[in-house]
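Structure record follows, encoded as structure tokens.
No lab work stands behind these numbers, since they all come straight from the coordinates. None of these values were measured; they are calculated from a predicted model. Every residue, glycine as well, gets a Cβ built from its backbone with ideal geometry; the counts of neighbours run over all protein chains shown.
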Amino acid sequence: MERGKVVWRCATRIEKGKDACHNSPTLNEGWVQDVLAEAVCQNEAYDEGIVRNEVDKIQAFDAFILISRADGSQEKRLFKND
């Protein structure tokens, strides 16, 4: 990761260490916002208000993220980290 770049990290890993969350890739915020804009926001422009209302949680795995919506549906997106 280049310095000064905004990234998303697992809160459990930050608070409790790597042993508590060993599958926790660092995600580029721009990529996460692009994925959420496409998957969640109807106008395909990232809108934090829509995401807060529509998304319950985001889980990151080795090869993908899983977006869990407030309505119980889930969507898998392949992981990309550059």
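Some points to look at:
- Qualifying GluC sites (Glu not before Pro) in the range 1-35, DSSP loop, other Cβ atoms within 10 Å at most 10: Glu2
- Whole-number D in µm²/s for the chain (Stokes-Einstein; Kirkwood sum over Cα pairs; 20 °C, 1.002 mPa s): 160
- In a DSSP loop and with at most 16 other Cβ atoms within 10 Å, the trypsin sites (Lys or Arg not before Pro) in the chain are Arg3, Lys5, Arg9, Lys80.
- As a length-normalised measure over Cα pairs under 8 Å and 6 or more apart, the relative contact order of the range 7-78 settles at 20 percent.
- Each label point was placed 7 Å from the Cα along the Cα-to-Cβ direction; for His22 and Asp71 their separation is 3.8 nm.
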